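In what follows, a single structure is set out as structure tokens and then discussed.
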Amino acid sequence: MKAANIPKLVEYGAHDLGMTGFDWIEETDADVAELLDTGLLPVRLVSAAPKGSDPFASENGQSLIVASEYENITRKYMERKRVRVSLPANVWGDGSFSTRRCRPDRGQHGHRVGAAIQWVGGGR
């Protein structure tokens, strides 16, 4: 069972209890109660970009193309930073991904490529 599915399975009543990361509760916006924070393996999402680049620098107001397993958390974070974002890729927890083929430094529509996110969790 994938950790990403657990919050919604518990919310819908398919399971009585779930053990998953708070990141997936946030990402899925699941309506569940946190009963215990084990403190085990805390999640730390960080942003990553090619060395020497500044993915947040404005370039004709174009959207950043962002690869992220956490689509909703990414969108919320980028909205707070007032950065337009496009998430064309599906990136899965096992490291596999799928995306449209594009030049290494430019997306399909000429957008800059290379930003991920840094999630500052909170609100537990």
> What are the residue pairs meeting all of these: first residue in the range 62-87, first residue within 13 Å of Thr28 (Cα to Cα), second residue hydroxyl-bearing (Ser, Thr, Tyr), Cβ atoms under 7 Å, and 6 or more apart or on different chains?
Replying inline: Thr74/Ser68
>> Looking at the range 73-82, can you tell me whether even one residue there is aromatic (Phe, Trp, Tyr), outside any loop (DSSP other than H, G, I, E, B) and surrounded by 17 or more Cβ atoms within 10 Å (Cβ to Cβ)?
In response: yes
> Looking only at residues in the range 57-100 that are modelled with pLDDT of 80 or more and among the aliphatic types (A, V, I, L, M), which one is nearest to Lys2 (Cα to Cα)?
Replying inline: Ile73
>> I'd like the residue in the range 22-43 that is part of a loop (DSSP other than H, G, I, E, B) and touching a residue at least 24 places away in the same chain (Cβ under 8 Å) and, out of all such residues, is least open to solvent (accessible area, probe 1.4 Å).
In response: Val32
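The values are calculated or read from the model by the stated rules, or taken from the named source; none is laboratory data. If you're wondering where the values come from, they're calculated on a predicted model, not measured in any experiment. Every residue, glycine as well, gets a Cβ built from its backbone with ideal geometry; the counts of neighbours run over all protein chains shown. Protein only, heavy atoms only, side chains kept; ligands, DNA and RNA dropped before computing areas. Shrake-Rupley method; radii C 1.70, N 1.55, O 1.52, S 1.80 Å.
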